[in-house]
Amino acid sequence: MSVSPDRLYELLPAIHRERDARKGWPLRALLQVIAEQVDVIEGDVEQLYDNWFIETCQDWVVPYIGELIGYRPVHDAGEPIDVRNARDRVRNRFLIPRRDVAKTIANRRRKGTLALLEDLAHDVAGWRARAVELDRDPAAVEDPNDPADPLAPIATLPALATRIPALGASPDDVGLFVWRLQSYPVAQTKAYSVDFLGGHGFTFSALGNDVELFTAPPAHPMRIRRDVLAVHKERYIGAGKSIEIWTGSPRDDLRPVPPSDIEVVDLAGWRNAARYGTIALDPELGRIAFPSRHGPSGEVWVRYHYGGVTSIGGGEYRRPIPARADATVYRVAGGGPFDTIADALEAWRREHPAHGIIEIAESGVFTEALRVVLPPDAALQIRAADGTRPILRVLNVRHPEVDAIRVEAGARSELVLDGLLVGGRGVRIAGEPARVTIRHCTFVPGWDISDDAPGGRYTEPSLDLRTTTPCVRIERSIIGPIVVNVHEVLGDPLTLCIADSILDATATERVALSGPPPRNEPAFVSLSIARSTVFGRIDAHAIGLAENTIFVGALEVARRQVGCVRFCYVASGSATPRRFHCQPETPGSSVEPVFDSTSYGDATYARLAFACPEEIRHGADDASEMGAYHDVFAPHRHANLQARLDEYIPVGMQAGIYYVT
């Protein structure tokens, strides 16, 4: 395709171009218009050629190529549709996976092999898996803790996995053990010192909570068990492996702790102190303990991996960051000119560019309370660099008016918070901005989740809105309670849009969204919420649209004449606008959500359990699950994978899918 708008004009003889120049270039302008259309036609021809091949074709062509080779889509997972919506295109990729279509003929030749079943899990569902013949004798396994032994799962995995039963299913000959969780890294960061242990106990999590340690990619995303780590420390601990520990100070002079100095013990209750000359490590709780009289020399730094369902909230995962060429970037840490966020904000305030970006380029802990004053018509982003997870944590502040981030926004200004993890205090936004966007952020529910935190601040808001902005948008984030300090006398309600997020008040009876305390009147907002999970009560002025969402607590809407709630779970006792295909369909029904965990920080946080009723696990408008993990499309993946197993397993054999929890 042409990159020059004058390519046709340059084909003309020089005499014609000279005459055209004397007349003011009219011929050149005409040929530039024609060249634009030529580029469009050439691009279409090139795309038609690309659509001949499964590797380069557009998504809408995949089903047609599949039909040519006899590929059979799984109708139980839903019907693929030709759509322009990006989310539905993602759904179609699971219904008719490109990799599966591309390998159909080769897979038919490999029918009956265990390696094929493992490849199917990756190609069809995007999950890591291991296929095991279940009739093998577990006693034949020499070392059940050896991750390199292909027969080890016979002895270890069945006890750790859950089988979704099928009606009339016979005992399985082959088990496909599937890992649904993802393993996410945390780069070199300072370990959290547990206060009541006098500097001898630490947690891997910088928030001070227990966290299960996971294996690093490209290995299967497995929890690291104590018994496995005790036997194979060299495989999991060390440079470039799943776990690294350093001691010393400053950061440029850290000394790695060798695996030989580490003793794997159960540190529940911090009972088992480390022996002299060793460091105690508990991978199932993410804890480190030094001998009581021989603490670390300097600071303790760690690198580890934790588990999660999908990329949501603050994390080091890859995420799209919109580019803005006219913005001035102020880089913090990671080799940038600023050591603190406050220093970058001060430089931004002095230079006052129209569009400013404060980019934090390091996965460290920043103990700063930020004050941001946005001038009228200004735009500011405070964001994490791609692949980093900065933690903004404000501790030991007794004054009730201290916030982690406090924003005073002028008229028509714009604010974006992107990729941040905020704990210890909440975020307050006031003023008259035109737009506020919070994406890929975590505002820790209850402010703090450390084991030695003084009871947490469960009733305190993670987000305090004191703004008359037309729109506040929250995307792919985990947020604690939201308080809207706006009264009806000020005009139109604030528009609050929440999508693909978790709103967590830490308990069903607590308030997740309400007006100003102490009366907690309905929040003066028009709420739009999609594909989200809400733990706690919502008291709102109005709802424009709620869809594919789980409301675990009561949903109270003051203005119920307008709006719609569709394909949602709504707790009993709720007062809502008209409902469409919501659960439970009848009052008193036993249909209610069941989660693997409702505690922030757990690997399976807010994930629907297998015991959850089908009306919720398949209750979204596209037959996916309701809630924040709708776009994982787990029901579609499972149905497609089960169908492929039935297709490629030899006649007379039975294959079952076992999910490793």
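Could you grab me the full set of residues in region 385-415 that are at pLDDT 90 or above and assigned to a strand (DSSP E or B)? Selection gives 391, 392, 405, 406, 407, 408, 409, 414, 415.
Of the strands (runs of 3 or more DSSP E) lying entirely inside region 185-293, those containing at least 2 residues that are over 24 Å from residue 423 (Cα atoms) and under 30 Å from the mean Cα position of the chain (by Cα) are 244-248, 279-282.
The residue that is modelled with the lowest pLDDT, among those in region 463-478 that are closer than 23 Å to residue 374 by Cα and out of contact with any Lys or Arg (no Cβ under 9 Å at 6 or more places or on another chain), is 468.
On the given criteria, is residue 521 modelled with pLDDT of 95 or more and surrounded by fewer than 24 Cβ atoms within 10 Å (Cβ to Cβ)?
In short, no.
Could you please find all residues in region 276-319 being basic (Lys, Arg) and either within 24 Å of residue 250 (Cβ to Cβ) or crowded, with 20+ Cβ neighbours inside 10 Å (or both)?
Within region 276-319, the subset basic (Lys, Arg) is 287, 293, 303, 318-319.
Selection gives 287, 303.
Going by the structure shown, is residue 304 among the hydroxyl-bearing types (Ser, Thr, Tyr), in the same structural domain as residue 188 (by TED's automatic domain parsing) and within 26 Å of residue 600 (Cβ to Cβ)?
yes
When residue 594 is tested against (1) among the β-branched types (Val, Ile, Thr); (2) touching a Ser or Thr at 6+ places or on another chain (Cβ under 9 Å); (3) free of Cβ contacts under 8 Å to residues at least 60 places away in the same chain, only condition (2) is not met. You will find that of 539, 492, the residue that is in contact with a Pro (Cβ under 9 Å, 6 or more places away or on another chain), among the acidic types (Asp, Glu) and either at pLDDT below 90 or within 19 Å of residue 429 (Cα to Cα) (or both) is 492 and no other.
From the residues in region 5-62 that are aliphatic (A, V, I, L, M) and under 30 Å from residue 99 (Cα atoms), which one is surrounded by the most Cβ atoms within 10 Å (Cβ to Cβ)? Let's see the steps before the verdict.
Step one: list which residues in region 5-62 are aliphatic (A, V, I, L, M), which gives 8, 11-12, 14-15, 21, 27, 29-31, 33-35, 38, 40-41, 45, 48, 54, 61-62.
Next, only the ones that are under 30 Å from residue 99 (Cα atoms) stay: 40-41, 45, 48, 54, 61-62.
Details: 40: 11, 41: 9, 45: 11, 48: 10, 54: 18, 61: 17, 62: 23.
The selected residue is 62.
Just one residue in the set 211, 231, 186 is crowded, with 16+ Cβ neighbours inside 10 Å, touching an Asp or Glu at 6+ places or on another chain (Cβ under 8 Å) and not assigned by TED's automatic domain parsing to the domain that holds residue 113; that residue is 186. Scanning region 354-367 for residues that are over 13 Å from residue 328 (Cα atoms) and surrounded by 16 or more Cβ atoms within 10 Å (Cβ to Cβ), which turns out modelled with the lowest pLDDT? If we take residues in region 354-367 being over 13 Å from residue 328 (Cα atoms) and surrounded by 16 or more Cβ atoms within 10 Å (Cβ to Cβ), then 364 is modelled with the lowest pLDDT.
So that you can scan it fast, the table gives a plain yes or no per residue for (1) under 30 Å from residue 628 (Cα atoms); (2) in contact with a Leu (Cβ under 7 Å, 6 or more places away or on another chain); (3) among the hydroxyl-bearing types (Ser, Thr, Tyr); (4) in contact (Cβ under 8 Å) with a residue 40 or more places away in the chain:
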position	(1), (2), (3), (4)
209	yes, no, no, yes
227	no, no, no, yes
268	no, yes, no, no
280	no, yes, no, no
283	yes, yes, no, yes
291	no, no, no, yes
299	no, no, no, yes
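I'd like to check something: does region 593-604 contain any residue that is farther than 23 Å from residue 574 by Cβ and part of a helix (DSSP H, G or I)? Taking every residue of region 593-604 in turn, none turns out to be farther than 23 Å from residue 574 by Cβ and part of a helix (DSSP H, G or I). Annotation: of all residues in region 605-617 being under 19 Å from the mean Cα position of the chain (by Cα), assigned to a loop (DSSP other than H, G, I, E, B) and hydrophobic (A, V, I, L, M, F, W, C), the one that is surrounded by the fewest Cβ atoms within 10 Å (Cβ to Cβ) is 609.
The values are calculated or read from the model by the stated rules, or taken from the named source; none is laboratory data. What you are looking at is a predicted structure, and each value in this text was computed from that prediction instead of being measured. Glycine gets a Cβ as well: all are built from the backbone with ideal geometry, and neighbour counts include every protein chain shown.
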